[in-house]
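The values are calculated or read from the model by the stated rules, or taken from the named source; none is laboratory data. Please read all numbers here as calculations on a predicted model, not as lab measurements. Virtual Cβ from ideal backbone geometry, glycine too; neighbours counted across all protein chains shown.
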Amino acid sequence: MDVVKLTPSKVPELYLESEHISPDVFAGKSSQEIGDLHVHMGNQTYKLSDFFTIEGKGGATAADTKIVITGDAGRVKYIGMKMTGGEIEVLGNTDMYTGAWMAGGKITVRGNSDSFAGIAMTGGELRIEGNARNYIGAAYRGDWRGMQGGTIVIRGNVGSDVGSNMNGGLIDIGGDADVHLATHADGGKIIVRGVAKGRVGGQMVKGDIYVLGGVERMMPSFRCDHEEEAEIDGKKMTFQVFYGDLGERHGKRKGEIIYGKIFVAAAGKPDGQKAGAAKSERRVKLNEKQIAQLAEAFRGAEPTVQEVRTYIFDTFGFDLKPMQVSRLIDAIKR
Amino acid sequence: MSEYIIKNGTVYDPKTGVKGEVKDICVKDGKIVEKVSSKAKSLDAKGKSVMAGAVEVHAHVAGPKVNEGRNYRPEDKLFSYKPGGKNTRMSGGFSIPTTFKTGYEYARMGYTTVMEAAMPPLYARHVHEEIKDTPIIDEGAFPVFGNNWFVFEYLKNNEMDNVMAYISWLLKTTRGYAIKIVNPGGSEAWGWGENCNTIHDPVPYFDITPAEIMKGLLTANEKMGLPHSIHVHTNNLGNPGNYETTLDTFKLSQGIKATNKFGREQVLHHTHVQFHSYGGDSWATFESKAKDVMDYVNANKNMTMDLGCVTLDETTTMTADGPFEHHLTTLNHLKWANVDVELETSSGIVPYVYDPNIKVCAIQWAIGLELALYAKDPMRVFVTTDHPNAGPFTRYPRIFKWLMSNASRQEMLKGFKNSDKVIAATDLASLDREITLYELAQMTRAGPAKSLGLESMYGGLAPGMEADVAVYDFDEGKVASPEDIEKAFSSAEYVIKSGTLVVDHGEIVSNGNKRTLWVDAKVPVNSQVERDVQMKFLKYYSVNLNNYEVSDHYVPNPYVIEVDTN
Amino acid sequence: MTKTITDVICPFCGTLCDDLIVTTDDEGKKVVAVDNACAIGAEKFIHSSDHAHRVTRPRKMQDDGTYKEISYNEAIEHTAQILAKAKKPLMYGWSSTSCEAQSVGHEIAELCGAVVDNTAAVCHGTTLIAVQNVGIPSCTLGEVKNRADRIIFWGCNPAHAHPRHMSRYSIFPRGYFTGKGHKQRKIIVVDPRCTDTSSLADIHLQVEQGYDYELLQALRAAVRGQPLAGDVIAGVPKEKVYEAADLLKSGRFGVIFFGMGVTQSLGKDHNIDAAICLTKDLNDYTKFSIVAMRGHYNVTGSGQVLGWQFGFPYSVDLSRGFARYNPGETGSVEILKRQEADAIFVLGSDPGAHFPMQCVKEISRLPSVAIDPHITPTTEICDVHVPVAFVGVEVGGNCYRMDNVPIEARKVVDPPEGMMTDQEFLSAVLKRVQELKSN
């Protein structure tokens, strides 16, 4: 396998769009030709060599080509987009769309990945050793055809909207999953080894979801049908099997209704890291000491909502909504 | 203004009866002329085919449901978007192109006039905003009348003068071109979740039948002498066995003569007939009834039709036949958008994948072509895909290929997964007719222009007509493969619109100065209708009467066709 | 002497009332009285005439934080320069201006490879995402007036946010088939709070805050006659869920109106998705539609113009020369938060007040310009503030109502002396940007 090493040489001012970092594009190209490939930053076009030093040349085909990014690519989008073969290894983080529309080959990200990784994937393997954010393995906006095949493995936690509109393939999550897992799924298999926050399998038509660490809040439109033993990583475990989503249409095979299934481990224990910061409805409130400090800071003045909001953010690190701030000002006045 | 001479092209012009003769075409001051001065710019058309600019008689290209289609299908724009150029804005959308793309792509294919098939009057301003943003092509829009509460009441009471006054008022208020009728009565019934599946099913509460609505509007149209006839999408679209409803509809017009001063000879134009030519009584027994339908069309010279050919693509269906779209989503479970419009109409949108491996889709494909191949008079049968319902208009060149090459059709038939079943349910395998280029010119230029009452302006190359000319790199005598047909008609060598060169070797070189056509039909003052209109706006509409009319600045370059109905 | 103008369109909220009667002074310079409008709409007309308190010329922020008046030409130059030079400018807002002005803005955005976004990004953008997933069975407001006998207000409070909605369209009018007005309508309000709207309800479902999605899916299951898990579903007793499902199915024409209570609470687009699916399911039993309670009077219009020109309704990224769309990446909030833009242009909205603080700080850090008749939290953090005439009061233009009906707003009084309109300002900026880009 021919290996091309990309070493980040300059931090981009904004974010780089580099769908050309792909074995399919590098195949058959010399080091110089690879360096001349375009990357985009906003409305400007640059060369790959403006941001990376390039060593090595592409293989004869995609399958013969391996790309190693030897540093952080946390501001680089679209790495491995649409690739059909070969390998990419990133020794750091990646930004959005890593492996988007991937059809084959293998991507390994040693760090974290941002959102939209592996969207509309049809084949290959995408592996993220850290955490990933939202819409992993989801469909593109509006498309009812989501992930069709391939494997996505996230060792850490994932955000929300993972596996939306999934039709096939496997998503294996080592940590916790935030809300809206496998929404509208019509096939495919998902394993969550940690805790799933909620709205698992919402509006699901078909598919299998295994949650080993438990679901914080099950959908009321799933019914517990039976207990079943199943094997995960060669180990037999007992699961409570839920059928649903009962609010959704379902097909039939041989007279039997085909439901989506959620397998919740009967003795669930979170595996690996603790649940990451799952964003949900959290009403932030100032404590008495903070309110007093606020009142003192603006004593005798007639501050605008904006001024008070900025002060609260700068001093306490809370982002209050303008309505809340307005009521706070009224309360302090009294 | 500019002078052009298109030299040595092989001309196909039904208007002047030129059938593939080498002839020069001269353009001056926006019109076709007999001859030009030596200063005229010469365009070399040697070995190439020359025709008038094509006329699109029915497409959904501007308005609320088209835009809802665009906005709710981001996936329709994935990976096919084109950046703008020297004379063009960026353009995208495969089945529902943006307005800029619509103008550019029609122009590149040599289409110079396009009719927006259905305009809901309450949303007319939106339709005109989109028409304004569609470059190059002249356009008009058909307001829908077939589910209109005023029309129901006047026709129920046989008040012909009143319905004519209302039609005149609505055409003016919406800056509309013709009377469009979609699923008459059924889209009002859909306001309660119901439908009219035959032309004799009465509309709930209004107690008038689709047959009465269509007959009444047909009578009014002829009494008024409007440029186009009624333009009908009848009931029961899309259902196996619906060809009977279609023939019942056609027969409403039987024996009636057209009256107008525009050269129009038909009293009924039925659109996308493919969707209405189904036999059988279920999807299992689904079959083509194209022959039965065309037997009537061939025998009755007072009607015209357009095909609605299926292109076997993933596309988006959208129509003012609201109940049909609901039915479609129950079949394919894809996202369904619907808007019911107070007092006027309803509409629906559902994506659809015409998969050639599905028997029904392949039969639909065959039916569209059979209708054309059975046609005895190409001046009365026009090429459309009911864009985007049966396929995007950018596929017209592919349809031309199928019509003109039997080999390409047979190859398609053999390649279907359910080839045997498709062949058994249709006649296409045994139809070896190949439409000639002259006939194609009749079906895409002269015929549509005449049916719209525009034969003095468009669809022909007679001196005095609009200088809308298309030159294709195509020689009928030297066709190496059917693909040559599709390639040539996808991208014209030259297109001149109203005397301005707009396309040069497939590139847009000018945005022209498009016009909006609308019909001002003058009727005697009718205070009854004025009062009715005021009353209904006061009591039932959600906007005020004074805010309903489309003001002139939404139609910045109008071409008004005045009709004195007296 | 005074002049009276009828059929005036109110340029405030998505209800887009078009029956206002505005009385002006004889010269047509000041609004003297407004009839038929709600308090908010009337106030917009009246205070626009308070020229003494209007900013009438552009202002530029100085190094010491104060503002100095500059000419329109200088403001045009500043705006053109920051947009033309930027690698990824963000052009945000658009919801409080006319379609004609929006269209000119889009030309500038295309030329500059900008991201164009409107206030749907923090409001009903999630509705648009849901529509992209599952469609939307809907109707015009006149259909509600003439046919509806089941009205659901989900996560919205029209009594406050769309004050004349209930009297013009949804509850009180007597339409063609609804001669008995509100007496033949049943009202369901779903809201964790008790509000002025819920006080009118026949059934008030006090859903547990943030669990509307669960309740919606439970309603869908109930409509299908399926069993539900648990005695209390999202804060609502199971029996009440079944009761609500039956009430919905038993009507002959139902409409769900919804707002920020579901578009911006946990799940966002999924909440709307489920509500739309519920509406679609109910069409198997009776006739049902769903309508989004759009906020700004022309956010819908911005979505329409972006739609027919670029193919997407908001969060449109033009930086690569062709339009791309993916909220979560191309939306204004994330762009500002991730520091992905290098210039910001705001017109006809107030992100300084509504966006997360991190984004507000970014706006104040970037080269910026705000186009707004008022002084707002946004104008106070931008480099240049350009005041323009009020659309619908001092200049006309097309607007789209919450049900997408286009209504043309008109001018009733002259703007203050020498003030430009949005469209004029943008046209001048476009011309200058074309010059800069051609070099």
- prompt: When residues of the range A:182-201 are filtered for being closer than 11 Å to A:I262 by Cα and within 14 Å of chain C (Cβ to nearest Cβ), how many remain?
  reply: 3
message: I need the helices (runs of 4 or more DSSP H) fully contained in the range C:132-225, keeping only those with at least 2 residues that are at negative phi and away from chain B (no Cβ under 14 Å).
response: C:158-161, C:212-223
query: Hey, does the range A:23-40 have a residue that's in the same structural domain as A:G156 (by TED's automatic domain parsing), under 30 Å from C:A84 (Cα atoms), polar (S, T, N, Q) and more than 28 Å from the chain's Cα centre (by Cα)?
result: no
message: Of the residues B:G464, B:G459, only one is out of contact with any helix residue (DSSP H, G or I) (no Cβ under 9 Å at 6 or more places or on another chain) and either on the phi > 0 side of the Ramachandran plot or surrounded by fewer than 18 Cβ atoms within 10 Å (Cβ to Cβ) (or both); which?
response: B:G464
task: Might you let me know whether the range A:74-95 holds any residue that is crowded, with 24+ Cβ neighbours inside 10 Å, among the hydroxyl-bearing types (S, T, Y) and without any contact (Cβ under 8 Å) to a residue 40 or more places away in the chain?
output: yes
query: Mind checking which residues of the range B:118-143 are within 21 Å of B:V203 (Cα to Cα) and within 14 Å of chain C (Cβ to nearest Cβ)?
result: B:P120, B:P121
query: For the range B:419-446, which residues satisfy the criterion of being among the polar types (S, T, N, Q) and either farther than 17 Å from B:V310 by Cα or not in a loop (DSSP other than H, G, I, E, B) (or both)?
result: B:S419, B:S430, B:T436, B:Q442, B:T444
message: Among (1) within 24 Å of the chain's Cα centre (by Cα); (2) surrounded by fewer than 24 Cβ atoms within 10 Å (Cβ to Cβ), there is one condition B:A52 misses while meeting the rest; what is its number?
response: (2)
message: For the range C:310-326, check the following and say yes or no: at least one residue is assigned to a helix (DSSP H, G or I) and touching a residue at least 12 places away in the same chain (Cβ under 8 Å).
response: yes
field: Number of the condition not met by A:T45 [criteria: (1) within 14 Å of another protein chain (Cβ to nearest Cβ); (2) in contact with an Asp or Glu (Cβ under 8 Å, 6 or more places away or on another chain)]
entry: (2)
Sole residue being away from chain C (no Cβ under 14 Å), of a type outside the set (S, T, N, Q) and part of a helix (DSSP H, G or I), chosen from B:A390, B:A366: B:A366
message: Filter the range B:273-311 down to the residues that are of a type outside the set (S, T, Y), outside any helix (DSSP H, G or I) and within 19 Å of the chain's Cα centre (by Cα) and list them by number.
response: B:N302, B:M303, B:M305, B:D306, B:L307, B:G308, B:C309, B:V310
- prompt: Could you count how many residues in the range A:200-241 are more than 19 Å from A:I171 (Cβ to Cβ), assigned to a loop (DSSP other than H, G, I, E, B) and without any contact (Cβ under 8 Å) to a residue 12 or more places away in the chain?
  reply: 2
- line: Scanning the range B:398-426 residue by residue, those under 24 Å from B:S282 (Cα atoms), surrounded by 18 or more Cβ atoms within 10 Å (Cβ to Cβ) and in contact (Cβ under 8 Å) with a residue 60 or more places away in the chain turn out to be B:F416, B:V422, B:A425, B:T426
task: Could you tell me which numbered condition B:Y177 fails, if it satisfies all but one of (1) touching a helix residue (DSSP H, G or I) at 6+ places or on another chain (Cβ under 6 Å); (2) surrounded by 24 or more Cβ atoms within 10 Å (Cβ to Cβ); (3) among the aromatic types (F, W, Y)?
output: (1)
message: Looking at the range A:233-266 only, could you name the residues that are small (G, A, S), in contact with a Gly (Cβ under 8 Å, 6 or more places away or on another chain) and within 12 Å of chain C (Cβ to nearest Cβ)?
response: A:G244
task: Please indicate, with yes or no, whether at least one residue in the range C:266-282 is over 19 Å from the mean Cα position of the chain (by Cα), under 21 Å from C:S349 (Cα atoms) and more than 10 Å from chain B (Cβ to nearest Cβ).
output: no
- prompt: When residues of the range A:201-254 are filtered for being under 18 Å from C:Y213 (Cα atoms) and buried (at least 23 other Cβ atoms within 10 Å of the Cβ), how many remain?
  reply: 15
message: Please count how many residues of the range C:250-268 are closer than 24 Å to C:P327 by Cα and surrounded by 24 or more Cβ atoms within 10 Å (Cβ to Cβ).
response: 6
query: In the range B:257-289, which residues are aliphatic (A, V, I, L, M) and either touching a strand residue (DSSP E or B) at 6+ places or on another chain (Cβ under 6 Å) or under 22 Å from B:A59 (Cβ atoms) (or both)?
result: B:L268, B:V273
task: Just give me the residues in the range C:269-289 being more than 24 Å from C:G328 (Cβ to Cβ) and aliphatic (A, V, I, L, M), in sequence order.
output: C:L278, C:L282
message: Among the residues of the range C:232-251, what is the count of those that are touching a strand residue (DSSP E or B) at 6+ places or on another chain (Cβ under 7 Å), within 14 Å of chain A (Cβ to nearest Cβ) and not in a helix (DSSP H, G or I)?
response: 1
